[in-house]
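The values are calculated or read from the model by the stated rules, or taken from the named source; none is laboratory data. All of these numbers come straight from a predicted model, not from anything done at the bench. Note that we place each Cβ from the backbone using ideal geometry, even for glycine, and neighbour counts take in every protein chain shown. Areas reflect the complete protein model, heavy atoms only, side chains present, ligands, DNA and RNA absent. Shrake-Rupley method; radii C 1.70, N 1.55, O 1.52, S 1.80 Å.
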Amino acid sequence: MKRSVMALAAAAACSSGMAQVPPTPGVVLYGGVDGNVTRASATGRGSIWQVRDGGMYVTKLGFTGREDLGGGWAASFVMESQASSDTGLGSNTNTGNTPATNSPPTGTPSGLNWNRKSTVSLHSPLGEVRFGRDYTTTFVPTTYMDPFFSAGVASAVNLQVFYTQTVAPPPLVRASNMVGYYIPATWVPGLYAYAQVAAGEGTGARFTGVGSGYRKGPLLVSGAWGKTKGPLIGSSTTVGVPGAVTAASTSGDNNLTVWSFGVSYAFGGFKPMFFYQSQVMDRFGVAGGVTELDRQVDDWLVGFSWAIGANTIKAAYSTKNDKGLANVDPKQIGLGYSYHLSKRTAVYANAVQIKNKNGGSYSFLAGYAPVANGTSRAIQAGLSHNF
């Protein structure tokens, strides 16, 4: 296979906000393997060394393909899995779009599955209809405007994918059981727009979202809205259990509404970027506490990537503004550098610092959080190879 074909296939798999058409008929294999050494430290915990993956890109394996049906019609698919290069284990997926339907349960090792993306599409002159598991509308602006593209110790997902420190609704990134419609790229050059509905199927959460943006030349603008009905169905209500919430929070008629917006502009190799995300849940409370109404949590990031020949420098500052009673407002500074040995292979280094206050203990490393109001830091260096 030609390298250019594989690169286009990988781009098609990631561009969840645009119509998804693999470049040539047939089936293409793509993916990448990433490995690094990471040192994490946290106030009151000391430090720990780990061999990890996903410092620059996640370790993944994907297939994409297309069949021309004639008359401007085509069928296509994407199947993409994720694994940890340090252990060979797969990553969890989610069957019902709630924390309670992680599969296998959080903390349990997983085998191979197609957790990142598994979609089949029918294309026509009127647009694309897509079925399966995919990124949600509201995640697209935040990952495109993250200089680290949601990978590594300094990425925005340290804060952005959480509603609270222990609650991370899956539709902030992906949703299963989804149907989407995407306008043709030819209608208005540079404009993309789409709508998604993910079924709760009786026991899970229902996601509805719309997204749009403009991508032409150096400019990228992206915005989205999404609503998850029953985002915490099935969550524990037992005091002391991580992620446990009040009974009212688990109601099927509770809603999590998310707005996200981002923009970037490339001045040659220098690309500044910004995103804002707002989450509002109708009813939320930690188990044993009060239930708050219309509780809002905002995230924003400002950063840049700067490509200078084979070198790329990245930096970002992000913060979470918890407007609820907890008022936990962590702030993160991330730095990164990579050197491309070829079009497919790069060495890199990243660093991050997360400062907490008001009793917060956010951390890059799950299970290694600092004491309340403490600071979490991490550095990593590694190698990434794409194919």
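Could you please give the count of residues in segment 138-158 that are among the aliphatic types (A, V, I, L, M), under 10 Å from the mean Cα position of the chain (by Cα), crowded, with 24+ Cβ neighbours inside 10 Å and over 20 Å from Phe270 (Cβ atoms)?
Initial filter on segment 138-158 (among the aliphatic types (A, V, I, L, M)): 140, 145, 151, 153-154, 156-157.
If we keep only those that are under 10 Å from the mean Cα position of the chain (by Cα) too, we end up with 140, 151, 156-157.
After this cut, where a residue has to be crowded, with 24+ Cβ neighbours inside 10 Å as well, the list is 140, 156.
Next cut, over 20 Å from Phe270 (Cβ atoms) only: 140.
Count: 1.
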Any hit, segment 361-380, residues being open to solvent by 50 Å² or more (accessible area, probe 1.4 Å), part of a strand (DSSP E or B) and of a type in the set (A, V, I, L, M, F, W, C): yes
Breaking point among (1) under 22 Å from Gly234 (Cα atoms); (2) not in a strand (DSSP E or B), for Arg133: (2)
Inter-residue pairs, beta-carbon under 8 Å, first farther than 20 Å from Gly252 by Cβ and in segment 88-105, second basic (Lys, Arg) and part of a loop (DSSP other than H, G, I, E, B), 6+ apart: Ser91/Arg116
Scope segment 102-117; condition under 23 Å from Gly226 (Cβ atoms) and open to solvent by 30 Å² or more (accessible area, probe 1.4 Å); matching residues: Asn102, Ser103, Thr106, Trp114
Search result, residues across segment 40-51 that are touching a Ser or Thr at 6+ places or on another chain (Cβ under 6 Å) and surrounded by fewer than 22 Cβ atoms within 10 Å (Cβ to Cβ): Ser41, Thr43, Ser47, Gln50
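Considering only residues that are open to solvent by 10 Å² or more (accessible area, probe 1.4 Å) and touching a Leu at 6+ places or on another chain (Cβ under 9 Å), which ones fall in segment 159-174?
Once the filter is applied, which keeps residues that are open to solvent by 10 Å² or more (accessible area, probe 1.4 Å) and touching a Leu at 6+ places or on another chain (Cβ under 9 Å), segment 159-174 yields Val161, Phe162.
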Selection count, segment 346-379, where residues are without any contact (Cβ under 8 Å) to a residue 40 or more places away in the chain, of a type in the set (Gly, Ala, Ser) and farther than 18 Å from Ala315 by Cα: 4
Residue match in segment 331-345 (condition: touching a Phe, Trp or Tyr at 6+ places or on another chain (Cβ under 7 Å), more than 23 Å from Arg45 (Cα to Cα) and open to solvent by 60 Å² or more (accessible area, probe 1.4 Å)): yes
Meets criteria (under 27 Å from Asp134 (Cα atoms), assigned to a strand (DSSP E or B), open to solvent by less than 10 Å² (accessible area, probe 1.4 Å) and of a type in the set (S, T, N, Q)) for Thr228: yes
Failed item in (1) out of contact with any Asp or Glu (no Cβ under 7 Å at 6 or more places or on another chain); (2) over 20 Å from Thr64 (Cβ atoms), with Gly132 passing the rest: (2)
Flag for Asp68 being outside any strand (DSSP E or B), charged (D, E, K, R), surrounded by fewer than 18 Cβ atoms within 10 Å (Cβ to Cβ) and in contact with a strand residue (DSSP E or B) (Cβ under 7 Å, 6 or more places away or on another chain): no
Test: residue in segment 79-100 that is at pLDDT 90 or above, of a type in the set (Gly, Ala, Ser), over 19 Å from the mean Cα position of the chain (by Cα) and part of a strand (DSSP E or B): no
